[in-house]
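Trainee: Take a look at the following structure, please.
The values are calculated or read from the model by the stated rules, or taken from the named source; none is laboratory data. Being a predicted model, the structure only gives us computed values, none of them experimental. Neighbour counts run over all protein chains shown; Cβ positions are idealised from the backbone, glycine included. Only protein heavy atoms, including side chains, enter the accessible area calculation; ligands, DNA and RNA are left aside. Shrake-Rupley method; radii C 1.70, N 1.55, O 1.52, S 1.80 Å.
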Amino acid sequence: MSATAPSLGERLARLTREGELYQKLPEARVRCFACGHRCLIPPGRDGICRVRFNLAGELRVPWGYAAGLQLDPVEKKPFFHALPGAKALSFGMLGCDYHCGYCQNWVTSQALRDPDASAPPRAVSPVEIVSAALDAGARIVTSTYNEPLITSEWAVAVFREAKARGLVCSYVSNGNGTPEVLDYIRPWVSLYKVDLKSFRDRHYRELGGTLERVLWTIRALHEQGFWLEIVTLIVPGFNDSDEELRDIARFLVSVSTDIPWHVTAFHPDYKMTEPDPTGIATLLRAAELGRGEGLHFVYAGNLPGHVRNWENTYCPGCNALLVERVGFRVLANRLAGGNCPACRRAIPGVWAA
């Protein structure tokens, strides 16, 4: 009789190494700094993310595998102010510090919480990931699919190789950060997308986080010089009121009027199947509220070709059309070295590697 196959948790436990984002404490406990939960983990236990665990007083963290690897346009991340039309190689691991009921990447993010999630890890090296990016003509590598903060040691290993080969590195994240993890990734990560899921703390607690921690992270990312873009998935009945959308826009304006805000359409997924898909009128209303509060760059996504001009980038000074898009396709890019060709105003973003 053959031996029982190892569980996913057992397989992942082998694909680890000692972490760097933690503190050793008395009685073999450890304090993890990878995300805003700052888990205090006794020996033999794991953190909220389920993939960082205490082995006899040493924090073990994910290492040496990918559960997802895909080539996408950078607009799909979405980054609209970073190398328009460039290809981005996305890689991801398993696990998350949230448990969002509408997660579109639940197969990877909830793999250790949900027996229906199955995304087998495949052993890979940083050199192999970067070589795949270069072979595909990518200019960007992106840590995504799971929550990248909780696998930051592995991301940095990949990004060291990527930056040495001239690639731009990015995070697609829930924004549940800490000072320690932002300092740790800052030398390597240039682009950072945060999902600002709501502006109500009770909603964040339902998803497994807190609003205050995400707002802190957004401010800290901007202050530390990451190129930052924000996405809010508009979920009917959850975060689509005028009041809440205005609150989000006003907060972003308080950080910088130049932060791009993407309002995107929800479709039923995972455990949240009751709300209707977000309608065109709701997306347009959200975009107009954001612009009305003073944001210079507001985009409506997930309904390509149906949101009028809200997929394009315009100069906030003279309203010249700078980047024309349909969905993830760039139809025209008129930016001249990051300046409006009509009035020469500098347009914030990362326009050259």
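Trainee: I need the full set of residues from region 97-116 which are buried (at least 20 other Cβ atoms within 10 Å of the Cβ), at pLDDT 75 or above and of a type in the set (Gly, Ala, Ser), in order please. Break it down stepwise before answering.
Mentor: Filtering region 97-116 down to residues buried (at least 20 other Cβ atoms within 10 Å of the Cβ) leaves 97-98, 100, 103, 105-106, 108-111.
Okay, now just the ones that are also at pLDDT 75 or above, so 97-98, 100, 108-110.
Listed by number, the list holds a single entry, 109.
Trainee: Would you call residue 141 farther than 21 Å from residue 75 by Cβ and open to solvent by less than 30 Å² (accessible area, probe 1.4 Å)? Outline the logic, then answer.
Mentor: Working: farther than 21 Å from residue 75 by Cβ: no; open to solvent by less than 30 Å² (accessible area, probe 1.4 Å): yes.
Taking the combined requirement at face value, the residue does not satisfy it.
Trainee: Are any residues in region 181-204 part of a helix (DSSP H, G or I), in contact with a Ser or Thr (Cβ under 9 Å, 6 or more places away or on another chain) and not acidic (Asp, Glu), and if so, which ones?
Mentor: 181, 182, 184, 185, 204
Trainee: While we're on this one: Considering every residue within region 295-316, establish whether at least one is at pLDDT 95 or above, part of a helix (DSSP H, G or I) and open to solvent by less than 50 Å² (accessible area, probe 1.4 Å).
Mentor: no
Trainee: Residue 230: part of a strand (DSSP E or B) and under 25 Å from residue 348 (Cβ atoms), yes or no? Walk me through it before giving the result.
Mentor: Numbers: part of a strand (DSSP E or B): yes; under 25 Å from residue 348 (Cβ atoms): yes.
Considered against the rule, which asks whether it is part of a strand (DSSP E or B) and under 25 Å from residue 348 (Cβ atoms), residue 230 comes out as yes.
Trainee: Please go through (1) more than 24 Å from residue 100 (Cα to Cα); (2) open to solvent by 10 Å² or more (accessible area, probe 1.4 Å); (3) without any contact (Cβ under 8 Å) to a residue 60 or more places away in the chain for residue 199 and return the number of the only condition it doesn't satisfy.
Mentor: Single failed check for residue 199: (1).
Trainee: Filter region 117-137 down to residues that are among the aliphatic types (A, V, I, L, M) and touching a helix residue (DSSP H, G or I) at 6+ places or on another chain (Cβ under 8 Å) and give me whichever is most open to solvent (accessible area, probe 1.4 Å). If you could, list the steps in order and put the result at the bottom.
Mentor: Filtering region 117-137 down to residues among the aliphatic types (A, V, I, L, M) leaves 117, 119, 123-124, 127, 129-130, 132-134, 136.
Now restrict to residues that are touching a helix residue (DSSP H, G or I) at 6+ places or on another chain (Cβ under 8 Å): 117, 119, 127, 129-130, 133.
Details: 117: 8, 119: 11, 127: 75, 129: 0, 130: 0, 133: 0 Å².
Within region 117-137, the match that is most open to solvent (accessible area, probe 1.4 Å) is 127.
Trainee: Among the residues that make up region 318-340, is at least one of them open to solvent by less than 50 Å² (accessible area, probe 1.4 Å), on the phi < 0 side of the Ramachandran plot and among the aromatic types (Phe, Trp, Tyr)?
Mentor: no
Trainee: Here's another thing I want to ask about it. Assigned to a strand (DSSP E or B), touching a residue at least 24 places away in the same chain (Cβ under 8 Å), of a type in the set (D, E, K, R) and surrounded by fewer than 20 Cβ atoms within 10 Å (Cβ to Cβ) - does that describe any residue in region 48-60?
Mentor: Checking region 48-60: at least one residue is assigned to a strand (DSSP E or B), touching a residue at least 24 places away in the same chain (Cβ under 8 Å), of a type in the set (D, E, K, R) and surrounded by fewer than 20 Cβ atoms within 10 Å (Cβ to Cβ).
Trainee: Identify all residues within region 64-96 that are touching a Lys or Arg at 6+ places or on another chain (Cβ under 9 Å), open to solvent by less than 20 Å² (accessible area, probe 1.4 Å) and either modelled with pLDDT under 95 or assigned to a strand (DSSP E or B) (or both); write none if there are none.
Mentor: 65, 66, 72, 88, 90, 94, 95, 96
Trainee: If the requirement is being modelled with pLDDT of 95 or more, outside any loop (DSSP other than H, G, I, E, B) and among the charged types (D, E, K, R), which of these qualifies: 11, 38, 17?
Mentor: Numbers: 11 fails: modelled with pLDDT of 95 or more; 38 fails: outside any loop (DSSP other than H, G, I, E, B).
After ruling out the rest, the residue left standing is 17.
Trainee: Look through 53, 79, 91 and report the one residue that is of a type in the set (Phe, Trp, Tyr), within 30 Å of residue 339 (Cβ to Cβ) and in contact with a strand residue (DSSP E or B) (Cβ under 7 Å, 6 or more places away or on another chain).
Mentor: On the way: 53 fails: within 30 Å of residue 339 (Cβ to Cβ); 91 fails: within 30 Å of residue 339 (Cβ to Cβ).
None of the other options fit; the residue is 79.
Trainee: While we're looking at this one, here's another question. So which of 215, 283, 252, 228 is open to solvent by less than 50 Å² (accessible area, probe 1.4 Å), out of contact with any Gly (no Cβ under 7 Å at 6 or more places or on another chain) and within 16 Å of residue 36 (Cβ to Cβ)?
Mentor: Numbers: 283 fails: within 16 Å of residue 36 (Cβ to Cβ); 252 fails: within 16 Å of residue 36 (Cβ to Cβ); 228 fails: within 16 Å of residue 36 (Cβ to Cβ).
The conditions single out 215.
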